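Asks: Below you will find the structure I want to go over with you.
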Amino acid sequence: MRISVVDVGSNTVRLVVADAADGVPLPVHTAKWRLRLSEQVTPGGPIPERAVAQLVDAVAEASRTATRWGAADPPAFATAVVRNAPNRHEVLRTVRARTGVDLCTLPGEVEAELTFLGARRWMGWRSGPLALLDIGGGTLEVAFGRGRLPDFVASLPLGARRLTHEFFDDEDPPSPERVRALRRKVRHQLRDVAARIRWEGPRTAVATSRTFQQLGRLCGAAPGRHGPFVDRQMRRSDLRTAITQLAALPAAERAHLPGISAPRAAQSLAGAVVGHTALKLTGIKAVTVCPWAIREGVLLRHIEDGPSWWAEVARSSEEAAPADPVPLRIARASS
């Protein structure tokens with residue numbers, strides 16, 4: 001049996017096709033289409049028609065590719081760049097009408113729950129009480145749990161691209177005062193969530209997302225070509241050093257650093273500040289950079305709970321998802 005998932009992120013549309021015969025989503029084909037939606041959309045602004053047309057083309061091609069690989073009708077979701085747009089419903093209707101793909105958006109809390117499931121399955125039960133951090137373009141997701149699904153999740157408007165636009169767009173490289181202002185905001189937003197993580201005392205901490213993968217590489221983790229099974233650790237002290245390194249360079253020069261790609265170079269500094277501040281406030285000294293995240297979480301739910309779960313999640317998410325993430329929301333996850 002083959003299953004697939006389409007993930008519309010702030011920079012790319014990604015397709016994963018996986019074999020699921022043994023209960024584990026083993027990838028057989030992956031593809032991505034680079035749209036850079038975040039560069040075309042001002043945070044809080046609408047998605048322009050040209051970007052919608054590009055999105056339609058990419059989703060249509062992803063759907064055709066999934067069908068060719070024997071995994072038709074993939075669940076498809078869009079993250080904060082679409083979820084926060086005031087013309088979100090129009091964009092989703094256009095994609096459905098032109099591609100037949102029922103693209104939906106998920107609240108940040110649901111994204112955190114699915115990402116936690118992916119990380120839990122990758123890390124295994126030996127990891128014990130588990131804390132999760134995931135930095136996207138628009139939001140930071142935090143989760144903690146002892147079981148298959150998290151005991152609580154939080155979604156905060158602390159995405160790397162969002163904060164870059166707010167603090168750094170008119171200074172390249174930014175002044176030390178701007179960096180300190182960003183850190184103050186992150187500390188304020190994270191205060192309550194960090195207190196909860198400290199109180200819970202996780203045995204293991206993991207970081208997911210492309211942002212953390214690139215920062216991990218900058219901090220000395222093995223490159224991606226070594227494969228997913230290499231243990232990749234990122235220490236808080238190394239991330240602090242990376243902030244100094246990133247802050248001293250304009251975005252174009254950051255792209256020459258190990259692990260930092262050109263499309264994400266501008267937002268790498270904000271991502272590093274968010275990540276380091278989160279680790280410091282929670283008392284976490286090191287994290288494992290985990291290769292499984294939300295896409296694997298979706299595939300695992302499909303395997304473990306059957307395909308009907310997605311229709312219910314998508315329907316309830318469209319009814320409940322806010323136009324913009326609330327500053328702090330902690331929700332008890334269902335089991």
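The values are calculated or read from the model by the stated rules, or taken from the named source; none is laboratory data. What you see is a predicted model; the values in this text were computed from it and never measured. Cβ: placed from backbone, ideal geometry, glycine included. Neighbour counts: every protein chain shown. Only protein heavy atoms, including side chains, enter the accessible area calculation; ligands, DNA and RNA are left aside. Shrake-Rupley method; radii C 1.70, N 1.55, O 1.52, S 1.80 Å.
Asks: Check the stretch 80-91 and report whether any residue there is in contact (Cβ under 8 Å) with a residue 12 or more places away in the chain, small (Gly, Ala, Ser) and surrounded by fewer than 16 Cβ atoms within 10 Å (Cβ to Cβ).
Replies: No, there is no match, as no residue in the stretch 80-91 is in contact (Cβ under 8 Å) with a residue 12 or more places away in the chain, small (Gly, Ala, Ser) and surrounded by fewer than 16 Cβ atoms within 10 Å (Cβ to Cβ).
Asks: Identify all residues within the stretch 238-256 that are free of Cβ contacts under 8 Å to residues at least 12 places away in the same chain, assigned to a helix (DSSP H, G or I) and either open to solvent by less than 30 Å² (accessible area, probe 1.4 Å) or of a type in the set (A, V, I, L, M) (or both); write none if there are none.
Replies: Across the stretch 238-256, there are no qualifying residues.
Asks: Tell me which residues, restricted to the stretch 245-283, are more than 20 Å from the chain's Cα centre (by Cα) and hydrophobic (A, V, I, L, M, F, W, C).
Replies: So the first thing to find is which residues in the stretch 245-283 are more than 20 Å from the chain's Cα centre (by Cα), and the list is 245-258, 280-281, 283.
Leu246, Ala247, Ala248, Leu249, Ala251, Ala252, Ala255, Leu257, Leu281 - these are the residues of the stretch 245-283 that are more than 20 Å from the chain's Cα centre (by Cα) and hydrophobic (A, V, I, L, M, F, W, C).
Asks: Scan the stretch 16-28 and report the pairs whose first residue is β-branched (Val, Ile, Thr) and whose second residue is surrounded by 10 or more Cβ atoms within 10 Å (Cβ to Cβ) and assigned to a loop (DSSP other than H, G, I, E, B), with Cβ atoms within less than 7 Å and a gap of 6+ or a chain change.
Replies: Cβ pairs passing all conditions: Val17/Trp69; Val17/Ala71; Val28/Trp69.
Asks: Give me a count of the residues in the stretch 29-42 that are among the basic types (Lys, Arg) and in contact (Cβ under 8 Å) with a residue 40 or more places away in the chain. Walk me through how you get there before you give the answer.
Replies: Our first condition is that a residue be among the basic types (Lys, Arg); within the stretch 29-42, this holds for 32, 34, 36.
Still in the list and also in contact (Cβ under 8 Å) with a residue 40 or more places away in the chain: 34, 36.
Total meeting the criteria: 2.
Asks: Then there is this: For the stretch 62-91, which positions are closer than 25 Å to Ile3 by Cβ and basic (Lys, Arg)?
Replies: Arg64, Arg68, Arg83 - these are the residues of the stretch 62-91 that are closer than 25 Å to Ile3 by Cβ and basic (Lys, Arg).
Asks: Looking at the stretch 181-197, can you tell me whether even one residue there is closer than 12 Å to Gly271 by Cα, more than 18 Å from the chain's Cα centre (by Cα) and among the charged types (D, E, K, R)?
Replies: yes
Asks: Go through (1) at pLDDT below 95; (2) open to solvent by less than 40 Å² (accessible area, probe 1.4 Å) one by one and return the number of the condition Pro307 breaks.
Replies: (2)
Asks: List the residue pairs whose Cβ atoms are under 9 Å apart, where the first residue sits in the stretch 114-129 and is over 16 Å from Val5 (Cβ atoms) and without any contact (Cβ under 8 Å) to a residue 60 or more places away in the chain, the second is hydroxyl-bearing (Ser, Thr, Tyr) and surrounded by 15 or more Cβ atoms within 10 Å (Cβ to Cβ), and the two are 6 or more positions apart or on different chains.
Replies: Taking only residues 6 or more apart or on different chains, the pairs are Arg120/Ser127; Arg126/Thr204.
Asks: May I ask you to say which residue of Gly124, Gly70, Gly108 is under 21 Å from Pro150 (Cα atoms) and open to solvent by 10 Å² or more (accessible area, probe 1.4 Å)?
Replies: Gly124
Asks: Turning to a different aspect of this structure: Could you pull out the residue among Arg187, Arg217, Arg235, Arg225 that is open to solvent by 20 Å² or more (accessible area, probe 1.4 Å) and either modelled with pLDDT under 95 or in contact with a Lys or Arg (Cβ under 6 Å, 6 or more places away or on another chain) (or both)?
Replies: Being open to solvent by 20 Å² or more (accessible area, probe 1.4 Å) and either modelled with pLDDT under 95 or in contact with a Lys or Arg (Cβ under 6 Å, 6 or more places away or on another chain) (or both) holds for just one of Arg187, Arg217, Arg235, Arg225, which is Arg225.
Asks: Which numbered condition trips up Ala331, out of (1) modelled with pLDDT of 90 or more; (2) within 16 Å of Leu156 (Cα to Cα)?
Replies: The failed condition is (1).
Asks: I would also like to ask the following. Could you list, in sequence order, all residues of the stretch 127-160 that are assigned to a helix (DSSP H, G or I) and crowded, with 22+ Cβ neighbours inside 10 Å?
Replies: Of everything in the stretch 127-160, just one residue is assigned to a helix (DSSP H, G or I) and crowded, with 22+ Cβ neighbours inside 10 Å, namely Ala160.
Asks: Still on this model: Out of all the residues in the stretch 161-181, is one or more part of a loop (DSSP other than H, G, I, E, B) and surrounded by 24 or more Cβ atoms within 10 Å (Cβ to Cβ)?
Replies: no
Asks: A further question follows. List the pairs whose first member sits in the stretch 211-231 and is under 17 Å from His256 (Cα atoms) and of a type outside the set (D, E, K, R), whose second member is open to solvent by 60 Å² or more (accessible area, probe 1.4 Å) and modelled with pLDDT under 95, and whose Cβ atoms are under 8 Å apart, counting only residues at least 6 apart or on separate chains?
Replies: Once the first residue is under 17 Å from His256 (Cα atoms) and of a type outside the set (D, E, K, R) and sits in the stretch 211-231, its partners that are open to solvent by 60 Å² or more (accessible area, probe 1.4 Å) and modelled with pLDDT under 95 give Gln213/Gly224.
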